[in-house]
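The values are calculated or read from the model by the stated rules, or taken from the named source; none is laboratory data. Source: prediction; values computed, not measured. A quick note on method: Cβ atoms are made from the backbone with ideal geometry, for glycine too, and the neighbour counts reach across all protein chains shown. Surface accessibility is based on the protein's heavy atoms, side chains included, excluding ligands, DNA and RNA. Shrake-Rupley method; radii C 1.70, N 1.55, O 1.52, S 1.80 Å.
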Amino acid sequence: MLSLEQQIVKATRLLQQNEVVAMPTETVYGLAARIDSEEAVKKIFSVKQRPFFDPLIVHVASLDQAQSCASEWNDLTQSLAQKFWPGPLTLVLPKSEKISDLITSGLTSVGLRWPQHPVALQLINSVGIPLAAPSANKFGKTSPTKAQHVREEFGDSVFVVEGDSSQIGIESTVLSVKKQEGIYQLAILRKGAVLKSQIDSFLKSTGFAYKWLEIIDKKESPGHMKHHYMPSIPFVICRNPHMKLSELSAELNKKLIELPDEVEGVKIVKPKSEIKKIEFLKLSTDPVQAARELYSQLRAASLRKPDALCFIQTPQLNGEMWDSIFDRLYKAASLILD
Ligand code: TXA
Ligand code: MG
């Protein structure tokens, strides 16, 4: 077993040779490539089997590095960066010429994040160049929060820098920041552990004039949602806490096989035979803890291979942090039952 220093040396060498490596971050493990190597960035997409239309987040280890990746850095961006970085917030800003179209999927904006995890920072500093890093899982699958998860996902083909379990457990909040006609316009593109209310109350205290835009993405509404984070066994959300086990079992056997095989390029997980053994996903009622354990619970249940995994959604599980968790749960689910 290599020491942390030896792992950093090895990972740095691999990155210099245009390879990808996995690294721990406080949100989830990332699959990293240096941003100045087209060859390495392409490998992220091929290793993950990720379509090119999904842009990558660029990870930096200083404000200078972040600023060099953006073509506009206004006062509000500076305030947000000072308040929330290093941490689980990605800022989507106009990109600089340093950032290739491959990284941004042709968009003129780039997602930037200064992570908090000391190992991620050590690696970025050792390479001296920002690292593009999506979550280290195959496209559409459950994100990894432990080094072991990454090894289960990619085997020996990807070198993993070891770290502890990701403390936050769900991906960063993605916030778009624009300035149009003198007004700052903000939009949450992905919910995470940095909450809209926290951003709002901080910005109110600074006196900036800004407005929130609702990005209306119909893919995110149940029924039309884009699937993501899917475990390898059928996962079902049941919104009726009074449903009897026999009824649940009958519903699953009827409805799961009727699902389409694929939605927007993501394979829908369906049962292979009759559903007999149903396991129930149990999450902490504390949303911070629930987020931390969510993906490892989904992965652990997949390894035990029940015929289906079910989460009972109760009305008590509400609030902004639960919204961030449900964003993942709904996309991970093959089916939602009322
Ligand atoms: O916590 C995280 O953000 C983790 C860790 C590794 O840092 N990374 C992560 O990356 O979740 P990924 O690739 O799984 O998610 C990136 C998402 C994209 O799917 C997209 O929704 C958004 O971030 N994104 C990135 N760049 C964007 C851009 N220029 N405009 C809009 N959305 C963007
Ligand atoms: Mg991901």
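Brief remarks on what is shown
- Point-to-point label distance, residue 267-residue 83, nm (Cα→Cβ direction, 7 Å offset): 4.4
- Heavy-atom surface analysis with a 1.4 Å probe gives the range 235-337 a carbon and sulfur content of 53 percent of its accessible area.
- Accessible surface, per residue, of the range 1-76 when the full set of protein chains is kept, probe 1.4 Å, Å²: 42
- Within the listed set 153, 258, 39, the Gaussian network model of the chain (springs between alpha-carbon atoms below 10 Å) gives the highest mean-square fluctuation for 258.
- Lys, Arg +1 and Asp, Glu -1 on Cβ, resulting dipole of the range 221-338 about Cα centre, debye, nearest 20: 420
- When the chain is treated as a GNM with alpha-carbon contacts under 10 Å, the residue of 242, 227, 59 showing the greatest mean-square fluctuation is 242.
- Just checking the listed ones, 44, 312, 124: in the Gaussian network model of the chain with Cα springs under 10 Å, the one fluctuating most is 312.
- Excluding ligands, DNA and RNA, the accessible surface per residue across the range 252-338 is 50 Å² with a 1.4 Å probe.
- Nearest-ten-degree value, helix 118-127 long axis tilted from longest Cα axis of the chain: 50
- Listed by chain and number, the aspartates and glutamates whose alpha-carbon sits under 17 Å from that of residue 42, ignoring those within fewer than 8 places in the same chain, are 19, 54, 101.
- Annotation for the range 1-59 versus the range 304-338: alpha-carbon center distance of 30 Å.
- The angle between the Cα long axis of helix 4-16 and the main principal axis of the chain comes to about 80°, on a 0 to 90 degree scale.
- Radius of gyration and maximum dimension Dmax of the chain, Cα, Å: 20.2, 60
- For residue 57, the residues whose modelled amide H falls within less than 5 Å of its own, excluding neighbours fewer than 5 places apart on the same chain, are 133.
- Looking at the range 156-221, the GluC sites (Glu not before Pro) that sit in a DSSP loop and have at most 10 other Cβ atoms within 10 Å of their own Cβ are 181, 214.
- Nearest 10 degrees, 0 to 90: helix 75-84 Cα axis against the chain principal axis: 60
- Within the full protein context, the accessible area of residue 164 is estimated at about 80 Å² for a probe radius of 1.4 Å.
- Spatially proximal lysines relative to residue 211 (Cα-Cα < 30 Å; intrachain offsets below 8 disregarded): 83, 95, 98, 178, 179, 191, 196, 219, 226, 331
- Placed amide H near residue 30: partners under 5 Å, 5+ positions off or other chain: 23, 25, 136
- Accessible surface of the range 4-220, 1.4 Å probe, proportion on carbon and sulfur as whole %: 50
- Every Cα-Cα pair of the range 270-332 was included, and the share exceeding 20 Å stands at 28 percent.
- Candidate lysines for bridging to residue 10, where Cα separation is under 19 Å - those fewer than 8 sequence places away on the same chain excluded: 43
- Between the residues 120, 143, 9, the greatest Cα displacement towards the positive end of the dipole of the range 1-151, with unit charges on the Cβ of Lys, Arg, Asp and Glu, is found for 143.
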